[in-house]
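Trainee: Quick one: the structure is below, questions incoming.
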Amino acid sequence: MTTIITGTSHFTSYHAACAYYAGYGFTPADVNRKIEDDEITIGEPKVTPGDRLIVIDNGWRYATERDEAPTPKPTDADAFRTLAEFRASGVDCADLGATLSFDTGQEEPVKGRVYLGQYYIEDTRSWPDPDVATGRWYLILERSEWQSDDLADLERRLYLYALGEHSAWREQLVDLALDAAAATIQDAIGQTCGDIASHMLGDRAREALRAYLELELLDSFTF
């Protein structure tokens, strides 16, 4: 069981809000503006069934917590996915945080697309201030992030990241490339027997091609 903690914009008191934002360089006047603009609220938030109200950040800010079963991650034993299959697995999601059990940092649900039930791309139109976005779609992978209207490009980057997490996928991808090379030789010499083509490719050539393909994959993981 996993405990999911989600921060809110509700504070235990006005002084708590001032103390919290002082750490980010904001003044009491800034806090007053946030209250007037309904960016923050003094007092407890409404808690949905299944959530528990807790206090975080030195007792200044309210949060909710709930117990959820962890989402199982795909393993190396899972079937290999090509880029086309990875893209085809994508589904629209109305609330990424709730679906994937993580804190989006936003009070309102963040929409996006989910791939293989684990990987996701955010839809910036659901952000509190979508005008700050430089593209419709947003992808963050570790310390790298992109905003773009080109969903296909972000899906490719996300797919390469998924390949980096699944060694069995990489092995199968290399094997597919080797089989394709053998098939090319087979077509070139007009042979109908794949074993002959594989033999002509040669063990040393196959190992060299495997090493090359693996290096190409590793290079692609730099995004």
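Trainee: Among (1) surrounded by fewer than 16 Cβ atoms within 10 Å (Cβ to Cβ); (2) more than 23 Å from H10 (Cα to Cα), which single condition is D129 missing?
Mentor: (2)
Trainee: So, one more: Is there a residue in the range 33-54 that is acidic (D, E), in contact (Cβ under 8 Å) with a residue 12 or more places away in the chain and surrounded by 15 or more Cβ atoms within 10 Å (Cβ to Cβ)?
Mentor: yes
Trainee: Consider Y159 carefully, then state whether it is at pLDDT below 90 and farther than 30 Å from F11 by Cα.
Mentor: Yes; evaluated as a whole, the condition is true for this residue.
Trainee: Something else now. If we keep just the residues of the range 139-169 that are part of a strand (DSSP E or B) and touching a residue at least 24 places away in the same chain (Cβ under 8 Å), which is farthest from the chain's Cα centre (by Cα)?
Mentor: Among those that are part of a strand (DSSP E or B) and touching a residue at least 24 places away in the same chain (Cβ under 8 Å), it is S144.
Trainee: Say whether the condition of being closer than 21 Å to F102 by Cβ and touching a helix residue (DSSP H, G or I) at 6+ places or on another chain (Cβ under 8 Å) is met by at least one residue in the range 36-47.
Mentor: Checking the range 36-47: not a single residue is closer than 21 Å to F102 by Cβ and touching a helix residue (DSSP H, G or I) at 6+ places or on another chain (Cβ under 8 Å).
Trainee: Something else now. Where residues in the range 147-168 are touching a Lys or Arg at 6+ places or on another chain (Cβ under 7 Å) and crowded, with 17+ Cβ neighbours inside 10 Å, which of them is farthest from E85 (Cα to Cα)?
Mentor: L163
The values are calculated or read from the model by the stated rules, or taken from the named source; none is laboratory data. Please read all numbers here as calculations on a predicted model, not as lab measurements. We place every Cβ from the backbone using ideal geometry, glycine too, and count neighbours over all the protein chains shown.
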